[in-house]
Amino acid sequence: MVKLMVYATILTLKSWENKIENGGGSADIKVDDDMRSLSADIISRACFGSSYSKGEDIFSKLRTLQKTMSKVGIGIPGLRYLPIKINREIWKLEKEIHSMILEVVSERVKGPYEKDLLQMILEGAQNYVDDSKSKMLSQDKFIVDNCKNIYFAGHETTAITASWSLMLLAANPDWQARVRAEVLQICKDGALPDADMLRNMKTLTMVIQETLRLYPPAVFVVREALEDIKFKEIVIPKGMNIQIPIPMLQQNTELWGPDAHEFNPERFGKGILGACKFPQAYIPFGAGSRTCVGQNFAMIELKVILSLILSKFCFSLSPAYHHSPAHRLVLEPGNGVRLIVTRL
Ligand code: HEM
């Protein structure tokens with residue numbers, strides 16, 4: 001998995017090298033779209049293995065689906081069932097995605113065994129029992145839904161965290177230099193990072209943890225009360241949805257200290273337990289039995305991307321960067337992250 005992440009990242013960074021060369025030694029790069037397509041490429045390779053080019057087509061349709069769905073007005077009950085133009089577009093895309101995924105699956109069943117996420121989903125589908133009438137139909141739905149889940153849950157969140165991390169490292173050159181020194185010391189003589197090297201990148205881990213504390217891509221953890229609950233003096237009735245605001249917990253000065261709003265990765269020097277009075281207040285990947293299943297994958301991917309960037313480039317914030325975090329399904333840089341990038 002690490003190898004495929006390294007390979008995909010190097011391909012993306014080649015385009016940065018070209019931009020710098022064409023710009024006479026430096027380039028003003030808006031990193032967000034690159035991080036998004038890199039993350040989609042990685043998840044596509046990880047999910048679909050050798051059929052990844054088909055996976056890319058599927059994911060590109062899923063992105064169109066996501067964009068189309070975000071245009072639908074919310075709050076009008078029943079609107080999504082009406083055969084209006086936008087709904088017809090959504091249904092058509094859903095149908096196409098469904099058959100494309102099942103096409104890859106049917107080729108996979110005939111072909112050689114591969115150890116990728118799709119294989120794990122297929123094995124999961126074998127054991128999936130549901131009480132709907134057609135077991136085959138529900139297994140297909142299980143496969144399609146899980147592929148969609150991985151894409152929606154895993155690609156945007158990681159890409160945005162990479163962009164925020166780059167922004168924070170650009171704004172804090174001392175930390176940029178410190179993490180780069182660590183990376184260069186671990187990846188000696190231009191060696192590409194492997195799993196062991198990534199594990200040893202403690203300072204980089206601290207920087208990513210601090211980025212996820214200040215800019216958690218998922219803003220809420222949502223739960224439904226399955227029964228009446230009494231929480232101190234508050235009664236939460238069965239069926240009520242509860243939204244737990246992650247940034248409020250993660251930037252509370254009583255829990256994190258007076259510098260709670262500042263970028264200080266040092267606070268994670270002794271791990272999450274050492275950083276905060278209550279570790280439950282650090283939940284960028286959620287909490288409990290529904291916690292993010294992709295958190296290790298995401299941390300490895302972020303370390304690969306950031307360590308390779310740091311080992312090749314120096315960067316500072318572009319004068320065109322305008323800080324405006326925006327909550328649009330995820331917490332993202334409202335106007336993107338623009339960096340002035342030079343070769344190391
Ligand atoms: C920095 C990157 C990521 C962040 C911040 C993040 C955050 C989250 C959060 C907050 C949840 C909800 C957890 C809860 O309700 O307690 C979640 C769920 C989930 N995430 Fe992630 N995630 C990231 C990357 C990924 C990746 C890379 C994948 C897949 C490879 C992934 C797959 C999932 C799935 C499938 C769920 C649903 C789990 C369930 O409902 O049982 N995530 N994620």
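Bear in mind that the values in this text are calculations on the coordinates, not laboratory data. Treat the numbers as computed from the prediction; the structure is a model and nothing was measured. All Cβ positions, even for glycine, are placed from backbone atoms using ideal geometry, and neighbour counts span all protein chains on display.
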When only DSSP loop residues count, what trypsin sites (Lys or Arg not before Pro) in the range 133-197 have their Cβ near at most 14 other Cβ atoms within 10 Å?
-> LYS133
DSSP loop (so not H, G, I, E, B), at most 16 other Cβ within 10 Å: list which GluC sites (Glu not before Pro) in the range 216-275 pass both filters.
-> GLU227, GLU233, GLU262
Over 19 Å (Cα to Cα) among LYS30/LYS312; LYS202/LYS303; LYS61/LYS141 -> none
Convex hull over the alpha-carbon atoms of the range 1-151: what's its volume per residue in Å³?
-> 150
Net charge of neighbours whose Cβ lies under 14 Å from the Cβ of ILE272, counting Lys and Arg as +1 and Asp and Glu as -1 = +3
Can you find, among ASN87, GLY239, PHE263, the residue farthest towards the positive end of the dipole of the chain? Put +1 on the C-beta of Lys and Arg, -1 on that of Asp and Glu.
-> ASN87
For the range 304-327 and the range 189-231, distance of Cα centres in Å = 18
Using the reciprocal of the averaged 1/r over all distinct C-alpha pairs, how large is the Kirkwood radius of the chain in Å?
-> 22.1
In whole Å, what is the distance between the alpha-carbon centres of the range 16-85 and the range 168-188?
-> 29
Out of the range 199-251, which trypsin sites (Lys or Arg not before Pro) are coil in DSSP terms and have no more than 12 other C-beta atoms within 10 Å?
-> LYS232, LYS238
